[in-house]
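First the structure, in the form of structure tokens, and then the observations on it.
The values are calculated or read from the model by the stated rules, or taken from the named source; none is laboratory data. These figures come from a predicted structure and were not determined experimentally. Ideal geometry is used to build each Cβ from the backbone, glycine not excepted, and the neighbour counts take in all protein chains shown. For accessibility, only protein heavy atoms count, side chains too; no ligands or nucleic acids. Shrake-Rupley method; radii C 1.70, N 1.55, O 1.52, S 1.80 Å.
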Amino acid sequence: MKGDRVEIVVDAGDTTRTYEVVATRAGRRVETAVRRGVVEVSEVTRSGSVVRTARFMANRVLALVEQPVPRDDVEEEAGA
């Protein structure tokens, strides 16, 4: 879904840095995986092809915030 995004906060020594991976087109999604001490955040198409990937050392990642796109059908039910 366009609008899916993940924010990654990384320890950069004396400060922190924030990175953001966003689904840039409709039909794409952002997936996260932790493998062998590495956090991978990838933008993926509907067919499963990886468009781009950001990799971070897991011991340096302070926060991983997944923010899905707000759904219209959920908002309508809450307002009723």
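Worth a mention:
- Number of residues in the range 4-16 that are surrounded by 13 or more Cβ atoms within 10 Å (Cβ to Cβ) and either touching a His at 6+ places or on another chain (Cβ under 8 Å) or not hydrophobic (A, V, I, L, M, F, W, C) (or both) equals 4.
- Scan the range 32-62 for residues that are in contact with a strand residue (DSSP E or B) (Cβ under 7 Å, 6 or more places away or on another chain) and either open to solvent by 80 Å² or more (accessible area, probe 1.4 Å) or assigned to a loop (DSSP other than H, G, I, E, B) (or both) and the total you get is 8.
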